[in-house]
Amino acid sequence: MDDDLKQMDRDQLIAEVRRLRQGIRGHRDSTGHDLCWFHPDLWGLLPEGFDPDIAVPPWPKFMRGCIRYRQSLDEQAPAAPVHDREFDG
């Protein structure tokens, strides 16, 4: 799957690492409502791309997952400031 790396020289590998780090940092640094979104830009950093043909849970199960995710933030980042703004689409 990662055969393209074998064809890269040192400078190309360094550029690839920097590109991937930039994408990871962009995702890591998202905050507020941006934490809950589909992230094709991050997945698009992979050379094989991605198939956006995703399966989506029904609303009640999806919302329970959102609630559980938010609860996990309370557990894992209890000192995080509150982003008390409505989503503005």
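The values are calculated or read from the model by the stated rules, or taken from the named source; none is laboratory data. What you are looking at is a predicted structure, and each value in this text was computed from that prediction instead of being measured. Please note: Cβ atoms are built from the backbone with ideal geometry, for glycine as well, and neighbour counts cover all protein chains shown.
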Name the single residue, out of those in the range 35-47 being farther than 19 Å from ALA80 by Cβ and free of Cβ contacts under 8 Å to residues at least 12 places away in the same chain, that is farthest from the chain's Cα centre (by Cα).
LEU46
Residues that are under 26 Å from GLY23 (Cβ atoms) and surrounded by fewer than 10 Cβ atoms within 10 Å (Cβ to Cβ), drawn from the range 69-89:
GLN76, ALA77, PRO81, ARG85, PHE87, ASP88, GLY89
Could you grab me the full set of residues in the range 60-89 that are in contact with a His (Cβ under 9 Å, 6 or more places away or on another chain) and not aromatic (Phe, Trp, Tyr)?
HIS83, ARG85, GLU86, ASP88
Contacts under 8 angstrom Cβ, first residue in the range 48-62 being loosely packed, with under 10 Cβ neighbours inside 10 Å, partner among the polar types (S, T, N, Q) and in a loop (DSSP other than H, G, I, E, B), 6 or more apart:
none
Which of (1) at pLDDT below 95; (2) loosely packed, with under 10 Cβ neighbours inside 10 Å; (3) acidic (Asp, Glu) does ASP11 not meet, given it meets every other one?
(1)
Kindly establish whether LEU35 is at negative phi, of a type in the set (A, V, I, L, M), surrounded by 10 or more Cβ atoms within 10 Å (Cβ to Cβ) and outside any helix (DSSP H, G or I).
no
Under the condition of being in a loop (DSSP other than H, G, I, E, B) and among the charged types (D, E, K, R), which residue from the range 45-89 is nearest to ASP2 (Cα to Cα)?
GLU48
Taking the range 1-34 and keeping residues among the polar types (S, T, N, Q) and free of Cβ contacts under 8 Å to residues at least 12 places away in the same chain leaves GLN7, GLN12, GLN22, SER30
